[in-house]
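In what follows, a single structure is set out as structure tokens and then discussed.
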Amino acid sequence: MSDVRVWRASPGEAADVTRLMVAFRNWWKRDWPDDEAFARGVERLLADENTDYLLGAVGDGAPSGVCQLRFRFSLWWDAPDCLLEDLYVEDAARGHGLGEALVNAAVARARGRGCRRVELDTNETNAPAIALYERLGFSSYVDDAGGHNRFMRLHL
């Protein structure tokens, strides 16, 4: 495993966060929202006390990985929840442990904010992501309900 660094992005790093988020959008083969909308959204979220961006790099290189953390209060846990969103690592940085380092930093950040749960979603065809999350202890199975949770959405 290469030497990787992960840190909480500052407002001055909005361009790096935006660049990586746009790359993630492109990885999904999408062209909307446009780059300017991403830049405005990143600026807005960097100013939001309930959102963190984590950046990661391999060695002394430029940021080549990002994840977004969204925090909200959970009535069911009587504590904050953390939603780990939009984890992305550039192709050239994959295989160095950066994705794992970002997830571990996200969990540490959530613990530091008093969260009792970290949730995420990933596409069922993204086998490398599923393997990473499961290796780090994430599961969709809920003992109480006797089955798997599903992340569902309705576009409005």
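Residues in the range 135-156 that are open to solvent by 100 Å² or more (accessible area, probe 1.4 Å), outside any loop (DSSP other than H, G, I, E, B) and aliphatic (A, V, I, L, M): none. Looking at the structure I just gave you, is A14 part of a helix (DSSP H, G or I), more than 16 Å from the chain's Cα centre (by Cα) and over 20 Å from E134 (Cα atoms)? For A14, the condition - part of a helix (DSSP H, G or I), more than 16 Å from the chain's Cα centre (by Cα) and over 20 Å from E134 (Cα atoms) - is not met. Among all residues of the range 23-31, there is none that is modelled with pLDDT of 95 or more, open to solvent by less than 40 Å² (accessible area, probe 1.4 Å) and in a strand (DSSP E or B). Residues that are assigned to a helix (DSSP H, G or I) and of a type in the set (V, I, T) do occur in the range 95-111. Of the residues making up the range 113-134, just one is open to solvent by 60 Å² or more (accessible area, probe 1.4 Å) and hydroxyl-bearing (S, T, Y), namely T125. Within the range 94-117, the set of residues being of a type in the set (A, V, I, L, M) and closer than 12 Å to A79 by Cβ comprises just one member, A110. Restricting attention to the range 61-88, the residues that are closer than 13 Å to V118 by Cα, aromatic (F, W, Y) and surrounded by 15 or more Cβ atoms within 10 Å (Cβ to Cβ) add up to 1.
The values are calculated or read from the model by the stated rules, or taken from the named source; none is laboratory data. Quick caveat, the model's predicted, so the values are computed rather than measured. Every residue, glycine as well, gets a Cβ built from its backbone with ideal geometry; the counts of neighbours run over all protein chains shown. When the accessible area is computed, the model is the full protein with side chains, heavy atoms only, and any ligands, DNA or RNA have been set aside. Shrake-Rupley method; radii C 1.70, N 1.55, O 1.52, S 1.80 Å.
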